[in-house]
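S.K.: Sharing a structure here in structure tokens format.
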Amino acid sequence: MKITEMFGAKALLSFEVFPPRTERGMTRLCGPGGVLDQLYALDPAYISCTYGAGGTNVGRNLDVLKAIKAPGRTIPVTHFTCIDGGREGIRATLQHYLNCGIDHMLALRGDIPLGQDGTGGDFDYAYELVSFVRETFGDQFTIAVSGMPEGHLDCRDLDLDIEFLKQKQDAGADFIMTQLCWDMEQFRHWLYAIREAGITIPVDVGVMPILDPAATVNMALSRNGCSIPRDLAEIISRNWIFPNVFAPNEPEDVIEEKKMAFREEGIAYTIRQIEQYKAMGVDGIHLYALNRYDAVAQIATESGLAG
């Protein structure tokens, strides 16, 4: 079954994981009773797996995808970027994915590596990759593309960014997986704007659970340019670890107490956010599982996504 055949009245639940760098991490994620086995119990429509720009850690990526596919409990989706990718290399790699039974992909330009001027490959934009995959493989792949509710950092304005998203749809994309967005009014504006622009494919919303103050600040400010709204800023402020969350210098018991308080408030915040997304009529919620289970299970269950 294709993911696009599963979108309907109820928002789909899905997860994102990443390929561990160590054997221990692989066992914890993919081994018997590991995180993947636990996530299956929540009945996700699919689980996607990232890999680094230029295909770094691609071997582990495929290992994780094979592990997701093997039990037949859900659909594996690979991330795939343009970085350092020539046409023939991309063709061969994607054929290998198909040979392994991986026929869903998230087509991305990818983050330009530091010190590099462009993608270093044959394609400079994600829509070119989408077009190539359609021309080469027809409908063998179901293709998701990224949507940026606050606009891509490399794009000068949101209207132009939406035009690029329309190009990806017109090139053959099947659905949208959004970058995280905590600004609900901005997301509402973006969702209205893309529909007005003629973008009709389903929208699956990327949601990062608010669990750790350093990870939250880092995700917002690293390469995403993601706004931190007042209510989330208040949660961060109430539980701030001095002098800053990246170089804590408070007593260990105080740090642990603040981290636990932040986690509790963050989970409640994430559940409220998902409820707002669902009220807007989005087609799915794609939870970044962070290769963990307990917190995302709580969020998926209490928000009504699981089951």
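Where a number appears in this text, it was derived from the coordinates with a stated rule and is not lab data. Please read all numbers here as calculations on a predicted model, not as lab measurements. Heads up, the Cβs are rebuilt from the backbone with ideal geometry, glycines too, and the neighbour counts pull from every protein chain shown.
S.K.: For Phe123, enumerate residues with amide H under 5 Å from its amide H, sequence gap 5+ or separate chain, H modeled in the peptide plane.
M.R.: Gly85
S.K.: Among Met177, Leu12, Pro113, flag the residue with its Cα farthest along the positive direction of the charge dipole of the chain, charges on Cβ as +1 for Lys/Arg and -1 for Asp/Glu.
M.R.: Looking along the dipole axis, the top candidate is Leu12.
S.K.: Next question, about the same structure. Could you line up Asp43, Asp161, Asp37 from fewest to most neighbouring Cβ atoms inside 10 Å?
M.R.: Listed from fewest to most nearby Cβ atoms, that is Asp43, Asp37, Asp161.
S.K.: Related question: Starting at 0 and stepping by 20 Å, how many percent of the alpha carbon pairs of the chain end up in each bin?
M.R.: Using 20 Å bins, I get a P(r) of 32, 61, 7 for the chain.
S.K.: Using modelled amide H (1.01 Å from N, peptide plane; none on Pro or chain starts), what sits under 5 Å from the amide H of Ala306, excluding residues fewer than 5 places away?
M.R.: Thr301
S.K.: Please turn the phi angles of segment 107-112 into ³J(HN,Hα) values with the Karplus equation 6.51 cos²θ - 1.76 cosθ + 1.60 (θ = phi - 60°), one per residue in order, whole Hz, x for glycine and proline.
M.R.: 8, 10, 5, x, 6, 5
S.K.: Note down the relative contact order for the chain as a percent, whole number, built from C-alpha pairs under 8 angstrom at least six residues apart.
M.R.: For the chain, the relative contact order is 20 percent.
S.K.: Take peptides 182-191, 249-258 and line them up by average Cβ neighbours within 10 Å, highest first, as a rough protection proxy.
M.R.: Numbers: 182-191: 17.7, 249-258: 11.8.
Output ranking for 182-191, 249-258: 182-191, 249-258.
S.K.: In degrees from 0 to 90, rounded to the nearest 10, what is the angle of the helix 58-69 Cα long axis to the longest principal axis of the chain?
M.R.: 90 degrees
S.K.: While we're on this one: What does the helix-only formula give at 222 nm for the chain: each DSSP H stretch with n ≥ 4 adding -39500 (n - 2.57), the total divided by the residues, and the result rounded to the nearest 500 deg cm²/dmol?
M.R.: Taking each H run of at least 4 residues, the total per residue is -13500 deg cm²/dmol.
S.K.: Can you compute 3J(HN,Hα) from phi for each residue in segment 254-259, using the Karplus curve 6.51 cos²θ - 1.76 cosθ + 1.60 with θ = phi - 60°, rounded to whole Hz and x for Gly and Pro?
M.R.: 5, 4, 5, 4, 5, 5
S.K.: Sticking with this structure for a sec: Give me Met219, Met1, Met208 ranked fewest to most by other Cβ atoms within 10 Å of their Cβ, as a rough exposure proxy. It would help to have the intermediate numbers written out before the result.
M.R.: On the way: Met219 17, Met1 8, Met208 24.
Taking fewest neighbouring Cβ atoms as first place, the list is Met1, Met219, Met208.
S.K.: Quick one: 3J(HN,Hα) in Hz for segment 275-283, Karplus 6.51/-1.76/1.60 with θ = phi - 60°, rounded, Gly and Pro as x.
M.R.: 4, 5, 4, 4, 5, 7, x, 5, 8
S.K.: How far is helix 87-99 tilted off the main Cα axis of the chain, in degrees rounded to 10, range 0 to 90?
M.R.: Approximately 80 degrees, to the nearest 10.
S.K.: In debye, nearest 20: dipole of the chain around its Cα centre with unit charges on the Cβ of K, R (+) and D, E (-)?
M.R.: Dipole of the chain, to the nearest 20 debye: 660 debye.
S.K.: What's the center-to-center distance, using Cα atoms, between segment 163-188 and segment 199-261 in Å?
M.R.: 24 Å
S.K.: I would also like to ask the following. Considering the options Asn218, Asn99, Ile47, tell which one lies farthest towards the positive end of the dipole of the chain, charges being +1 on Lys and Arg and -1 on Asp and Glu at the Cβ, about the Cα centre.
M.R.: Going by the charge dipole, the pick is Asn99.
S.K.: Hey, another quick one. Long-range amide H contacts for Val77: which residues qualify at under 5 Å (H placed 1.01 Å from N, peptide plane, sequence gap of 5 or more or a different chain)?
M.R.: Those lying under 5 Å, H to H, from Val77 are Ile47, Ser48, Cys49.
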